[in-house]
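**Student:** The structure is given below, and queries will be raised subsequently.
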Amino acid sequence: MEKRQELYAGKAKSVFATDDPSRVILQFRDDTSAFDGERMESLARKGMVNNCFNAFIMEKLAAAGVPTHFEKRLSATESLVKSLKMIPVECVVRNIAAGGLVKRLGVTEGQELTPPTFELFLKNDALHDPMINESLAETFGWATPEQLAEMKALTFRVNEVLKGLFADGDLLLVDYKLEFGLFEGQIVLGDEFSPDGCRLWDAKTREKLDKDRFRQGLGGVIEAYEEVGRRIGVEFV
Ligand code: CDP
């Protein structure tokens, strides 16, 4: 597998072409952003930690029948993935109220959500990822109703798998965001799953062990990601 030119640089990852047009390399960088890129900082080891974390989770999801773009980890900070045509819609499931939901609806942080909620957001930094719905996605051609139904089913399937996995590490999966794309006509989980895109609390103390530590300036960001990894069996190498 030959690494070729950089195709795209996101806020925390870069994408490189390979000699196989159906595969790309994701490079996880130490860059950390919050508030739509308004705040940027480099956090030592983050690229390696998120690459290992993501590989571990993607393999668990694949084993549970969720199609993912993940192929294999290539180095400490790089992974080989299928090249997807990304759907510009973010899928968010919440098990416990936090973050944007608390602000938007004035509900209490920490309130259990039964059943868990499902929300759609348009992936657009300039517009601050506005909330959308199935009707808008269909009308503007971001995703078809069939694709949205599949994305929703897969996002809830991920909840089943990961709630249990984190519970075994004494962690609460509060909420998370997934992105999907198309590979040979099939909906496939893309992007990454790491503490950058979900909320994880210690089950007993409710201590935040995710990117909220960065957003809220609590410090110990990467140490928290590593602690979560240790509890669920991720090897950081
Ligand atoms: O992050 P914020 O509080 O603004 O938004 P949210 O709607 O409460 O986010 C729900 C979950 O999705 C959190 O775990 C976020 O980390 C994640 N998320 C993300 O990874 N990327 C986004 N653009 C928006 C949310």
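Taken together, the values in this text are just the output of simple stated rules run on the coordinates, not laboratory data. This one's a predicted model, so the numbers in the text were calculated from it and none came from an experiment. Cβ coordinates were reconstructed from backbone atoms using ideal geometry, including for glycine residues, and neighbour counts include every protein chain displayed.
**Student:** Averaging the inverse of every distinct alpha carbon separation and then flipping it gives the Kirkwood radius. What is it for the chain, in angstrom units? Intermediate values should be presented prior to the final figure.
**Tutor:** Numbers: mean 1/r = 0.0549 Å⁻¹.
So the Kirkwood estimate lands at 18.2 Å.
**Student:** Percentage of Cα-Cα pair distances in region 145-237 greater than 21 Å, rounded to whole percent?
**Tutor:** Result: 37 percent of Cα pairs exceed 21 Å.
**Student:** Region 28-88: D in µm²/s via Stokes-Einstein (Kirkwood Rh, Cα pairs, 25 °C, 0.890 mPa s)?
**Tutor:** On the way: Rh = 13.0 Å.
The estimated diffusion coefficient comes to 189 µm²/s.
**Student:** Find out how many positive minus negative residues lie around GLN186, taking Lys and Arg as positive, Asp and Glu as negative, among other residues whose Cβ is under 13 Å from that of GLN186.
**Tutor:** Working: positive: LYS82, LYS85; negative: GLU146, GLU150, GLU184.
It works out to a net charge of -1.
**Student:** Sorted from largest to smallest, which semi-axis lengths in Å does the alpha carbon gyration tensor of region 11-146 give for its equivalent ellipsoid, taking the root of 5 times each eigenvalue?
**Tutor:** In descending order, the three semi-axes are 28, 20, 17 Å.
**Student:** Sticking with this structure for a sec: Highest first, please rank the peptides 21-27, 59-65, 195-201 by the mean number of other Cβ atoms sitting within 10 Å of their residues.
**Tutor:** 195-201, 21-27, 59-65
**Student:** Could you give the nm distance between label points at GLU150 and VAL102, where each point is 7 Å from its Cα heading toward the beta carbon?
**Tutor:** If labels sit at GLU150 and VAL102, their model points lie 3.6 nm apart.
**Student:** Further question: Looking at this model, which pairs from LYS60/LYS152; LYS82/LYS208; LYS11/LYS211 are more than 25 angstrom apart at the alpha-carbon?
**Tutor:** Beyond 25 Å: LYS82/LYS208.
**Student:** Counting each DSSP H run of 4 or more residues in the chain as -39500 (n - 2.57), what helix-only mean residue ellipticity at 222 nm follows after dividing by all residues, to the nearest 500 deg cm²/dmol? Before the final figure, lay out each step's value.
**Tutor:** On the way: 6 runs with 70 residues, N = 237.
Theoretical 222 nm ellipticity from helices: -9000 deg cm²/dmol.
**Student:** About the Cα centre of the chain, how large is the charge dipole given +1 on each Lys and Arg Cβ and -1 on each Asp and Glu Cβ? Please answer in debye to the nearest 20.
**Tutor:** Numbers: 31 positive and 39 negative charges, 55 e Å.
Here the chain has a charge dipole of around 260 debye.
**Student:** In a Gaussian network model over the chain where Cα atoms closer than 10 Å are linked, find which of GLN186, GLN216, GLN147 has the largest mean-square fluctuation.
**Tutor:** Maximum among the listed residues: GLN216.
**Student:** Can you find, among GLY164, GLY65, ALA44, the residue sitting farthest towards the positive end of the charge dipole of the chain, where Lys and Arg contribute +1 and Asp and Glu -1 at Cβ?
**Tutor:** Of the listed residues, the answer is ALA44.
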